[in-house]
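Okay, so here's the structure we're looking at.
The numbers here are math on the coordinates, done by the rules we state, and not lab data. The shown structure was predicted, so the numbers you read here are calculated from the model rather than taken from an experiment.
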Amino acid sequence: MGNLFGRKRRSRVTEQDKAVLQLKQQRDKLRQYQKRLNLGLERERALARQLLKEGKKEKALLLLKKKRYQEQLLDKTDNQISNLERMVQDIEFTQIEMKVIEGLKIGNECLNKMHQVMSIEEVERIIGETQDAVEYQRQIDEILAGSLTEEDEDAILEELNTITQEQLELPDVPSEPLPEEPPEATPIKNRPKPELVAAS
């Protein structure tokens, strides 16, 4: 079902991924080997003590030489594990760098395509056309503003004065003097209701 149209599915596992996996497997095998060596060293140290107690000095010496050789092997495996881990880190970092470079490459191609669509000449042409249109509109505005005669200008100013006067006109102030005291007014609370007045 996966090969519905006869196309092979591309594996997402790269050669670098395979290399990293193999290096990690080798590192793990070396660590297991180190564990076995450490266990063997402990046993041989204990056995050398036992042989010394039994008075078998030569056998104990031979065993200690073997132990010394295994300790040297242990040091070598430490160096090899360190080299493998450094190699894994270098490959992984290089993969990150490759992704960054690929991203930069895609971004660069995109910018180049945009620059092809919008060249410097095209931008200059558009700016020039815009400036021409603005200048043309300014000339039209000047012509329209300059087409008013002196009479038109006077009429406009007169209309402006009329509108200003209308806004400033206030109602006339009454000429009669105001009464000094207002007539006696019954407070609203004490004022009888109209129905009660009618009934009396």
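General observations
- Using a cutoff of 8 angstrom between alpha carbon atoms and counting only pairs six or more residues apart, the relative contact order for the range 27-142 works out to 24 percent.
- Residue pairs exceeding 19 angstrom between C-alpha atoms, taken from Lys24/Lys76; Lys35/Lys66; Lys24/Lys66: Lys24/Lys66.
- Under 15 Å from the Cα of Lys105 - aspartates and glutamates, other chains or at least 8 residues apart: Glu97
- Summed over all non-identical Cα pairs, the Kirkwood treatment of the range 34-176 gives a radius of 27.0 Å.
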